[in-house]
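Please read the structure below before turning to the comments.
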Amino acid sequence: MRASSRGRDEARASVAALDSVFRRRWSWRTRLRVTVLGGLVAIGLRLLYVTLRVRWSDADGMLERRAGGERFIFAAWHDGLVLLPLVLRHVPAGFKPRALISWHRDAEIAAQALRGFGVRVMRGSSTRGAIGALRGLLDAHRAGEDVVVVPDGPRGPRHEAKLGVVQLGRATRAPVVPIAFAAAPCRRLGSWDRMQVPVPFARIAIRFGTPVDVGAGDHEALGRLQAAMDVNVAAVARALEDAS
């Protein structure tokens, strides 16, 4: 009965995403384009991932703490989303990621692609569906999923954290763990986030940073998180250079 209920819940979530007030405004051509491109991106990523050489590190023993029952919220910059599934493929921690993405069409293409790698998504942004997204993320956290927030999404500024991740961390009483990705060699897309796309056989570094307590005032906590994420980005770049 429990498995059947879980299946119904997942199906309901999928239908809700397809039939949302935002997506219902799309033409059938847009829906078809999103579905086809999402599938093509997934195929391309699957072929690319086979060639990559991936190393990961845990700066402050977060994985051991997590294995002991401690809960966390995870934060990654938008330019690393292409590499997020590599955490599932290479970090032996049994992650069950639930990522928050916007309702933008490009984000929906990413959602279609990520779903094939076991990354579930929640739609919403600071301008559309914010309250529903927050409730959904809280439910996902209570259900034992690993909530991943993109603090500079959906439209930037690049690498500039917003208050939403702090508020979520406070609501869940969970520290926020920065995740940083670096790839070499890689291409940078011309989008606002300068998305990094590794070339075949590239070297990849993944780094879990020091968990940040966001229990203090909003701006103080946001400043600590911003600093921790900046430090983590610099550290993962150095790790990639040292491994070369």
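The values are calculated or read from the model by the stated rules, or taken from the named source; none is laboratory data. If you're wondering where the values come from, they're calculated on a predicted model, not measured in any experiment. Virtual Cβ from ideal backbone geometry, glycine too; neighbours counted across all protein chains shown.
Structure summary
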item: Region 46-88, residues that are more than 22 Å from D213 (Cα to Cα), surrounded by 20 or more Cβ atoms within 10 Å (Cβ to Cβ) and touching a helix residue (DSSP H, G or I) at 6+ places or on another chain (Cβ under 8 Å); result: W56, L81, V82, L84, P85, L86
item: Pair list, Cβ < 6 Å and 6+ apart or interchain, from region 34-58 residues that are over 30 Å from F72 (Cα atoms) and small (G, A, S) to residues that are in a helix (DSSP H, G or I) and at pLDDT 90 or above; result: none
item: Conditions (1) surrounded by fewer than 16 Cβ atoms within 10 Å (Cβ to Cβ); (2) in contact with a Cys (Cβ under 7 Å, 6 or more places away or on another chain): number failed by G223; result: (2)
item: Residue within region 177-185 that is surrounded by fewer than 19 Cβ atoms within 10 Å (Cβ to Cβ) and at pLDDT 90 or above present; result: yes
item: Residue check, A171 in contact (Cβ under 8 Å) with a residue 12 or more places away in the chain and crowded, with 16+ Cβ neighbours inside 10 Å; result: no
item: From the options A59, A75, residue that is closer than 15 Å to R207 by Cα and within 17 Å of the chain's Cα centre (by Cα); result: A75
item: The one condition in (1) at pLDDT 95 or above; (2) at positive phi that R194 fails to fulfil; result: (1)
item: Among (1) modelled with pLDDT of 95 or more; (2) over 19 Å from V150 (Cβ atoms), the one test that I206 misses; result: (2)
item: Within region 63-93, considering residues that are farther than 30 Å from S27 by Cβ, assigned to a loop (DSSP other than H, G, I, E, B) and among the aliphatic types (A, V, I, L, M), the one modelled with the highest pLDDT; result: V91
item: Selection count, region 209-231, where residues are under 21 Å from the mean Cα position of the chain (by Cα), assigned to a helix (DSSP H, G or I) and either charged (D, E, K, R) or within 22 Å of Y49 (Cβ to Cβ) (or both); result: 2
item: Subset of region 135-154 that is loosely packed, with under 15 Cβ neighbours inside 10 Å and touching a residue at least 12 places away in the same chain (Cβ under 8 Å) - its residue that is nearest to D58 (Cα to Cα); result: G144
item: Selection status of R194, crowded, with 16+ Cβ neighbours inside 10 Å, touching a residue at least 24 places away in the same chain (Cβ under 8 Å) and not β-branched (V, I, T); result: no
